[in-house]
Structure formats: structure tokens, C-alpha cells
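Note sheet for the following structure.
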Amino acid sequence: MNIAEYDLGFVINYNTNKPVAGKGSAIFFHVAGKSGYTLGCTATSKTNVSNILKWLKPDKNPVIIQTPESGLGKY
């Protein structure tokens, strides 16, 4: 994790309870790099990551839902 984009961010709990081989070991929420692409992570601006980290309360067991806006009714 010696990458500038990982200076701010957090780990999304994924494939950790009963790990499935080949499904990856983690998803990171971090600052978007210059290309704007990730390898399965979630990335946004440094300002957004900073604001989310200030707001995030791990003891509240937050959940991240990644879906088009039309899919939010499922949750």
C-alpha cells in the first residue's frame, strides 16, 4: 500500500468472513489516481475521501451500497 492514492482511505470489509479463493481479499475506498481507474476498488476525490473519513463512524457498523440510483429501493 505504498501508493499515494492510499494516503487517505479505508478498507471495505469484503471476502473476509469465509474467504472464497479467486474473489479478492479486500476492496479499498481511496483517492482516485490520475487515470481515474482502479482495480476493483472505489475511488473519488481527495476532498470526498477526507469528508467521508470525518463522517464515518466504524462503531456504527456502516454499510457501503454501490448501485445505480435506481437500485437504492432494494436496500
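The values are calculated or read from the model by the stated rules, or taken from the named source; none is laboratory data. Predicted, not measured: the structure shown is a model, and the values here were computed from it. Every residue, glycine as well, gets a Cβ built from its backbone with ideal geometry; the counts of neighbours run over all protein chains shown.
A quick yes/no check of all residues on (1) exposed (fewer than 10 other Cβ atoms within 10 Å of the Cβ); (2) of a type in the set (K, R); (3) part of a loop (DSSP other than H, G, I, E, B):
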{"residue": "V11", "(1), (2), (3)": "no, no, no"}
{"residue": "N15", "(1), (2), (3)": "no, no, yes"}
{"residue": "H30", "(1), (2), (3)": "no, no, no"}
{"residue": "S35", "(1), (2), (3)": "yes, no, yes"}
{"residue": "G71", "(1), (2), (3)": "no, no, no"}
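On the given criteria, is I64 exposed (fewer than 14 other Cβ atoms within 10 Å of the Cβ) and within 15 Å of the chain's Cα centre (by Cα)?
Working: exposed (fewer than 14 other Cβ atoms within 10 Å of the Cβ): yes; within 15 Å of the chain's Cα centre (by Cα): yes.
Considered against the rule, which asks whether it is exposed (fewer than 14 other Cβ atoms within 10 Å of the Cβ) and within 15 Å of the chain's Cα centre (by Cα), I64 comes out as yes.
Select from region 1-36 the residues that are closer than 24 Å to T47 by Cβ and among the aromatic types (F, W, Y) and write down the one among them that is modelled with the lowest pLDDT.
Selected residue: Y6.
Could you tell me whether G40 is surrounded by 12 or more Cβ atoms within 10 Å (Cβ to Cβ) and assigned to a loop (DSSP other than H, G, I, E, B)?
In short, no.
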